[in-house]
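Just below is one structure, and these are the notes that go with it.
Each value in this text was obtained by applying a stated rule to the coordinates, not by laboratory testing. This is a predicted model, so every value here is computed, not measured. Cβ placement follows ideal geometry from the backbone for every residue including glycine, while neighbour counts extend to all protein chains displayed.
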Amino acid sequence: MDFSALDDPALMAVIARLFGRPASDAALNQAVSTLYDRYGYMVYSVAIHMVGDIETAEEITQDVFVHACQGAVSYSPGLSKVSSWLVSITRHRAIDELRRRSVRPEKDGVDIPEDINADALPGGQLQSAGLEHEVETSIQDQKIHQIVNSLPPEQRQVMDLAYFKGLSHHQIADLVGEPLGTIKSRIRLGMQKLRDALLEQGITGPA
Amino acid sequence: MDEEHVFDLLPCFVLGILDESEKKIVSEHLAACDICRKELESYIETPSHLGMAVPRLTPSATLKARVLCRVKDAAGENSSMDGESPQKP
């Protein structure tokens, strides 16, 4: 069975149909393998960027694919792309992990919220440790990188803190030492810029 | 809320970082406002692209096998849970 020719929504529909059917192990394995080949590195990269250690990122990656299979039956292509959906699942799972750590802090290089440096995220630490080995990215991925990297730094900073750390705007305001209204405004403007640029570049479609 | 719509709160709403009172205001407004719901839809995919822009790293070569193993186990549990669904009234 080769599912590689299926587009993402069709692949998710196959997984939804096969998951939990005892006689479908081999087919499900092949379908999920295809999904992993497409997005495994992306899920893993988001996870490790957020939690900062390989072992936890690998756990999260496994959890995300299990969650995706369990939720495949209710995945709706009209609401979001599969890639966006997987990134969202990853983000939520990683934020759960970060919050768990803040309740029960553990030793050894864990980046718990109290230690957050407003300018640094775990991915940067991995890079400086020489552990980063970048995967070749598609043209679309490069466009996304370019769009996000071209956001004004002060807007990018607060959006990253909100998105990757799950901080509230009150927490962000305290951390960066700016008024709450300024933080809300930067997030709003940054999100508008990002939304509009993604639409203009054809990466997202009109609502 | 003074404005007719909640456009200004939608980006933070989509990021999930509004406080409870603001979240309630937006949710209640969205239930009754097509214009704001459409505006919200325009933001739904935006945050995930922050995630897609992180540096792409190569996972361990064994991670794929572990993912497939976990999925297989979960599928097995799913299938046995269905099998145990009560048939009697």
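Numbers for the structure displayed
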{"read-out": "B:Ala32 versus A:Arg21: modelled label distance in nm, points set 7 Å from Cα along the beta carbon direction", "value": "4.6 nm"}
{"read-out": "Virtual spin-label span in nm between A:Ser185 and B:Ala65, 7 Å along Cα→Cβ", "value": "5.6 nm"}
{"read-out": "Helix-only CD estimate at 222 nm, as mean residue ellipticity for chain B, using -39500 (n - 2.57) per DSSP H run (n ≥ 4)", "value": "-18500 deg cm²/dmol"}
{"read-out": "Shape of chain B, Cα gyration tensor, a/c cut at 1.5", "value": "oblate"}
{"read-out": "Cysteines without a disulfide-compatible partner [chain B; Cβ-Cβ under 4.7 Å]", "value": "B:Cys12, B:Cys69"}
{"read-out": "Within the range A:18-93: Cβ-based charge dipole about Cα centre, in debye rounded to nearest 20 (Lys, Arg +1; Asp, Glu -1)", "value": "400 debye"}
{"read-out": "Rounded to 10°, Cα long-axis angle of helix B:20-32 versus longest principal axis of chain B", "value": "80 degrees"}
{"read-out": "Efficiency of FRET from Cβ geometry, A:Glu55 and B:Thr58, R₀ 22 Å, rounded to 0.05", "value": "0.90"}
{"read-out": "Gyration tensor (alpha-carbon) shape descriptor, the range B:1-46, a/c threshold 1.5", "value": "oblate"}
{"read-out": "Between helix B:63-83 and chain B: long-axis angle, C-alpha atoms, 0 to 90°, nearest 10", "value": "90 degrees"}
